[in-house]
Number of protein chains: 2
Amino acid sequence: MAKGASLSGFPEWLPEERFVEQQAMDTLRSVFSLHGFQGIETRAVELGSSLLKKGETSKEIYLLSRLQEVGSENDTPVEDRMGLHFDLTVPLSRYVVEHSGDLVFPFKRWQMQKVWRGERPQEGRFREFTQADIDVVGNGQLPDHYEVELPLIMVEALEALRPLGCPKATVHANNRKLSEGFYRAIGLTDIEGVLRTIDKIDKIGPDEVVRELKETCSANDTQAQACLALAQITATSGRQLRESFDQLCASVEVTAANEHYALAMEGIATLEKIVDGAAAIRPGAVIADLKIARGLDYYTGSVYETFLDGAASLGSICSGGRYDNLATQGSHTYPGVGLSIGLSRLVSHMLHVSGAHANRQSPASVLVAVWDEAHRAQSDAIARALRTRGIATDVAPAAQKIGKQIRHADRLGIPYVWFPAFEGQPEEVKNIVTGEQIEADVASWLPEEQYATQHVVLD
Amino acid sequence: MAKGASLSGFPEWLPEERFVEQQAMDTLRSVFSLHGFQGIETRAVELGSSLLKKGETSKEIYLLSRLQEVGSENDTPVEDRMGLHFDLTVPLSRYVVEHSGDLVFPFKRWQMQKVWRGERPQEGRFREFTQADIDVVGNGQLPDHYEVELPLIMVEALEALRPLGCPKATVHANNRKLSEGFYRAIGLTDIEGVLRTIDKIDKIGPDEVVRELKETCSANDTQAQACLALAQITATSGRQLRESFDQLCASVEVTAANEHYALAMEGIATLEKIVDGAAAIRPGAVIADLKIARGLDYYTGSVYETFLDGAASLGSICSGGRYDNLATQGSHTYPGVGLSIGLSRLVSHMLHVSGAHANRQSPASVLVAVWDEAHRAQSDAIARALRTRGIATDVAPAAQKIGKQIRHADRLGIPYVWFPAFEGQPEEVKNIVTGEQIEADVASWLPEEQYATQHVVLD
């Protein structure tokens, strides 16, 4: 992060860092497009009523008020005020309902935008960051093969970021129906409470989870231990998943006769498809991990979190799931499934742990020297000619001593300095990295390949 | 604009419109990079004290408050609250001061981001829109050749947008020193008042300008008429500019002996350079137009506005100027010059007047058909093979009747439907535009050039 950023939680990159983020965004866009996703952008603001859907007032939202209204903004109820979006899923739902007549369903879209969370400044978390999302939204219904495909596309996208410093990614998948069916089958009813507690397992540890389940979710010790046992199941194949689950059910005497068993089986079936489907194409990329709960309340089926090798402290950098009831129009629903990359956090890791940075600060390959200000037009003409041929070119800011002009190129990382013809001297170009200086013609000269572009390198 | 957008002033595009905006942004980025500009992004929020610099409280700013603070947000003075940036120049100034140690000066940067203006909803103006800016910022001083170069780079950038539906652009340039020197020379002192009135000339007409100058800027009739005469000067060459100006000065008895004449001459000299410099490279692209005043108060030298052929009602779509005192650190200053394209307004014109749109809704060239859900893996494998070769490919959402699958491709504008080998039938691909169907091999087949990419077309 750029040093001295004056507002905590609002990261800003230096130009050579921003270049890495830009390359990452270009790469993601290209993968998403290759899979037929359409790019959209939604407005940064939504009405309070959308942002607070389901009555969640614990959400960390920034509300807006016009400067001219300061002092009277609270005359308007929060539901009718505008706030900055905190993710790209809620806006997508609103967009889909609003433009349903103009979209082709299932609607596959990618979206990369800033989102804002009105966290307390002292928490040291990002309050502004970029998310990169893909979602597929159906009209009325949505086939579950998308629950298999989407995490795989995200793995492919994260693979494509590895040359930019992204470590190997593994998607951990679970299913809300599986969890809910099991919890109900063993007699628990506060499903959201249990999920919320399980979600904290990596933070507070298994003992604390059991304690909290008993204390806040009315679980007895057997139930709490069963929830913990479920959360501790992981599997790399459908068969392994089903075996572990059957074993657990047997140990707590849950059988097919239990009225909630069918719901759990629905979840198992989808999760099996996901794990086996992924294993057939990209072994190890997606595993079943039954502790994955996800904080957001709108998920109704598959849920995903993604972890990077050797970067446990980052937490999940790509999360999502299936949501059947987020977008509705009267009784009509638009079920969706999607995942979201926390791009700012990921880029921060790429920059500061993997050491990704631009090989040079300026996109220019050439700096044209200026002998004196009266001859600046000559240097400008050379720059124009090189640019016409696609060679990014800058011109020295001032006709200083040539040593100073070369130093300027060097500070920007520009590899070539071009010397216009002058007092009988021919046109020449100097590679200031190797020191080689040759006669050159603007109409045909090309930079050597390794000096031709601004690109990302790792330390 | 997407129909039914539910918040006035917050434009949202449909996917095939957003594609045009995205292409425009890619094009601008590529032109700016070719000239050696570095891309940065600044946070969306600034402190009230930055946004309200110079005490301008008339600015249309959105302030933020955390949901948790509603009711107590006004305990904090506006200067210490966060607000959304209303342009990209104020954030650049703050960024440059904050990171001066990490930047190479003169710092050439491009930046494309959303900005927000807390306008009244009923005014029907954009309250959220994208700007595309270039600026050069010096450390302590900045050579004035950048005042010649920057408008020319913007003309080149706008030229590059013409295949996307942008009309021919002309930059109209003026100089604050010229105006101020002249106003003072004829005895006026409320320089900002006069500039503000002159700025309205196209809206309210010359008679009203004269009336207002007399009423609100303490001008007598001779002075008001002289201001109007100055505003009516245009020139396509330095010589023409100086002749018109000399003539006007003679008519109001302003001579070199006047203590303010030198300031006006400084402005004339820079403006001459701009007009002649531009004429030498791109005749007609930049003209002197002495009615250009610019609303923002931070300009100190050159000011620019840009108009499109046949789109007078759009107003200026690319404006800017030189600002010597915006970024300061103690007594140290970072003078800059820059221009900003009002990209949302321009894209709106490209879409709705020039009829620009994506040739198809989906980026995919191919939709792979699915014979039945049990064989989806076969279709997925074909899609993967095509994508590996860079061919954007989608797979049918459901194993419906083939006619329905073809209709799905058609609605998305996907030109090819791929039929996997099935019951002894070989692999085939059908161009659903021409109806041609051929045997094909995923390892070698290529779409015909005209069907190969999603791109922008004009109606």
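The values are calculated or read from the model by the stated rules, or taken from the named source; none is laboratory data. All values reported here derive from a predicted model rather than from experimental measurement. Counting neighbours? That spans all protein chains shown, and the Cβs are built from the backbone with ideal geometry, glycine included.
Before we move on, is B:THR170 within 13 Å of the chain's Cα centre (by Cα) and among the hydroxyl-bearing types (Ser, Thr, Tyr)?
no
Please verify whether the stretch A:162-172 includes one or more residues that are at pLDDT 95 or above, over 30 Å from A:HIS357 (Cβ atoms) and either touching a helix residue (DSSP H, G or I) at 6+ places or on another chain (Cβ under 6 Å) or buried (at least 23 other Cβ atoms within 10 Å of the Cβ) (or both). Walk me through it before giving the result.
Initially, the stretch A:162-172 is screened for residues at pLDDT 95 or above, giving A:162-172.
This time we only want the ones that are over 30 Å from A:HIS357 (Cβ atoms), so: A:172.
Filter once more, keeping what is either touching a helix residue (DSSP H, G or I) at 6+ places or on another chain (Cβ under 6 Å) or buried (at least 23 other Cβ atoms within 10 Å of the Cβ) (or both): none.
Within the stretch A:162-172, not a single residue is at pLDDT 95 or above, over 30 Å from A:HIS357 (Cβ atoms) and either touching a helix residue (DSSP H, G or I) at 6+ places or on another chain (Cβ under 6 Å) or buried (at least 23 other Cβ atoms within 10 Å of the Cβ) (or both).
When only residues in the stretch A:177-209 that are out of contact with any Cys (no Cβ under 6 Å at 6 or more places or on another chain) and among the small types (Gly, Ala, Ser) count, which is surrounded by the fewest Cβ atoms within 10 Å (Cβ to Cβ)?
It comes out as A:GLY205.
On the basis of being surrounded by fewer than 23 Cβ atoms within 10 Å (Cβ to Cβ), assigned by TED's automatic domain parsing to the domain that holds A:ARG322 and modelled with pLDDT under 95, does A:THR76 make the cut? Walk me through how you get there before you give the answer.
Values: surrounded by fewer than 23 Cβ atoms within 10 Å (Cβ to Cβ): yes; assigned by TED's automatic domain parsing to the domain that holds A:ARG322: yes; modelled with pLDDT under 95: yes.
When the stated conditions are applied, A:THR76 passes them.
Among the listed residues A:ILE391, A:ILE414, which satisfies the condition of being touching a Ser or Thr at 6+ places or on another chain (Cβ under 6 Å), crowded, with 22+ Cβ neighbours inside 10 Å and not assigned by TED's automatic domain parsing to the domain that holds A:LEU150?
Every option except A:ILE414 fails the conditions.
Hey, any hits in the stretch B:336-352 for a residue that's more than 17 Å from the chain's Cα centre (by Cα), touching a residue at least 24 places away in the same chain (Cβ under 8 Å) and in a loop (DSSP other than H, G, I, E, B)?
Within the stretch B:336-352 (the criterion being more than 17 Å from the chain's Cα centre (by Cα), touching a residue at least 24 places away in the same chain (Cβ under 8 Å) and in a loop (DSSP other than H, G, I, E, B)), the answer is no, since none of the residues qualifies.
Condition first: among the acidic types (Asp, Glu) and either farther than 21 Å from B:GLN232 by Cα or in contact with a Leu (Cβ under 8 Å, 6 or more places away or on another chain) (or both). Can you find one or more residues in the stretch B:301-317 that meet it?
Scanning the stretch B:301-317, I find no residue that is among the acidic types (Asp, Glu) and either farther than 21 Å from B:GLN232 by Cα or in contact with a Leu (Cβ under 8 Å, 6 or more places away or on another chain) (or both), so the answer is no.
Kindly indicate the residue of the stretch A:395-420 that is touching a residue at least 40 places away in the same chain (Cβ under 8 Å) and in a loop (DSSP other than H, G, I, E, B) and also farthest from B:GLU147 (Cα to Cα) among those meeting that condition. Explain how you work it out, then say what you get.
Quick first cut of the stretch A:395-420, residues touching a residue at least 40 places away in the same chain (Cβ under 8 Å) only: A:408-409, A:411-420.
Adding the requirement that they be in a loop (DSSP other than H, G, I, E, B) leaves A:413-415, A:420.
Details: A:GLY413: 25, A:ILE414: 23, A:PRO415: 26, A:PRO420: 23 Å.
Ranking the qualifying residues of the stretch A:395-420, first place goes to A:PRO415.
Among the residues of the stretch B:251-299, how many are among the basic types (Lys, Arg) and away from every other protein chain (no Cβ under 14 Å)?
Selection size over the stretch B:251-299: 2.
Consider the stretch A:348-372. How many of its residues are farther than 21 Å from A:ARG411 by Cβ and either surrounded by fewer than 16 Cβ atoms within 10 Å (Cβ to Cβ) or β-branched (Val, Ile, Thr) (or both)?
3
Against the conditions (1) surrounded by 15 or more Cβ atoms within 10 Å (Cβ to Cβ); (2) closer than 27 Å to B:LEU164 by Cα; (3) touching a residue at least 60 places away in the same chain (Cβ under 8 Å), where does B:VAL429 fall short? Just the number, please.
All conditions are met except number (2).
If only one of B:ILE134, B:ILE186 is more than 10 Å from chain A (Cβ to nearest Cβ) and under 30 Å from B:ALA262 (Cβ atoms), which one is it? Before you say what the answer is, go through the steps one by one.
Numbers: B:ILE134 fails: under 30 Å from B:ALA262 (Cβ atoms).
Answer to the check: B:ILE186.
Take the residues in the stretch A:152-161 that are away from every other protein chain (no Cβ under 14 Å) and in a helix (DSSP H, G or I); name whichever of them is surrounded by the fewest Cβ atoms within 10 Å (Cβ to Cβ). Please lay out each step first, then the result.
The initial filter retains those residues of the stretch A:152-161 that are away from every other protein chain (no Cβ under 14 Å), namely A:154, A:158, A:161.
Filter once more, keeping what is in a helix (DSSP H, G or I): A:154, A:158.
Working: A:MET154: 30, A:LEU158: 25.
Across the stretch A:152-161, the extreme among qualifying residues is A:LEU158.
Hey, any hits in the stretch B:337-347 for a residue that's in the same structural domain as B:THR170 (by TED's automatic domain parsing), β-branched (Val, Ile, Thr), surrounded by fewer than 20 Cβ atoms within 10 Å (Cβ to Cβ) and closer than 30 Å to B:PHE37 by Cβ?
no
Can you name every residue in the stretch B:173-187 that is closer than 21 Å to B:ALA288 by Cβ, more than 28 Å from the chain's Cα centre (by Cα) and not in a helix (DSSP H, G or I)?
B:ILE186
When the stretch B:12-29 is examined, which residues are found to be within 9 Å of another protein chain (Cβ to nearest Cβ) and touching a residue at least 24 places away in the same chain (Cβ under 8 Å)?
B:TRP13, B:PRO15, B:GLU16, B:PHE19, B:GLU21, B:ARG29
For every residue, the table says whether it meets (1) surrounded by fewer than 16 Cβ atoms within 10 Å (Cβ to Cβ); (2) farther than 17 Å from A:ILE198 by Cβ; (3) hydrophobic (A, V, I, L, M, F, W, C).
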{"position": "A:LEU213", "(1), (2), (3)": "no, no, yes"}
{"position": "A:THR216", "(1), (2), (3)": "yes, no, no"}
{"position": "A:ARG239", "(1), (2), (3)": "yes, yes, no"}
{"position": "A:ALA264", "(1), (2), (3)": "no, no, yes"}
{"position": "A:GLY267", "(1), (2), (3)": "no, no, no"}
{"position": "A:GLU272", "(1), (2), (3)": "no, yes, no"}
{"position": "A:GLY284", "(1), (2), (3)": "yes, yes, no"}
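If A:GLY424 meets every condition in (1) surrounded by fewer than 21 Cβ atoms within 10 Å (Cβ to Cβ); (2) among the small types (Gly, Ala, Ser); (3) modelled with pLDDT of 95 or more apart from one, which number is that one?
(3)
For the stretch B:132-149, indicate whether the set of residues that are buried (at least 21 other Cβ atoms within 10 Å of the Cβ) and under 21 Å from A:SER8 (Cα atoms) is non-empty.
No, there is no match, as no residue in the stretch B:132-149 is buried (at least 21 other Cβ atoms within 10 Å of the Cβ) and under 21 Å from A:SER8 (Cα atoms).
Just for the stretch B:1-37: of the residues that are of a type in the set (S, T, N, Q) and at pLDDT below 95, which one is farthest from A:TRP110 (Cα to Cα)?
Out of the qualifying residues, it is B:SER8.
Which residues, taken from the stretch B:205-257, are outside any helix (DSSP H, G or I) and of a type in the set (Val, Ile, Thr)?
Result: B:ILE233, B:THR234, B:THR236, B:VAL252, B:VAL254, B:THR255.
Suppose we filter the stretch A:286-318 for residues that are in contact with a Pro (Cβ under 6 Å, 6 or more places away or on another chain) and either assigned to a loop (DSSP other than H, G, I, E, B) or closer than 23 Å to A:GLU192 by Cβ (or both); how many remain?
Adding up the residues that qualify gives 4.
With respect to B:LEU367, is the statement that it is under 25 Å from B:VAL433 (Cβ atoms), hydrophobic (A, V, I, L, M, F, W, C) and within 14 Å of chain A (Cβ to nearest Cβ) true?
yes
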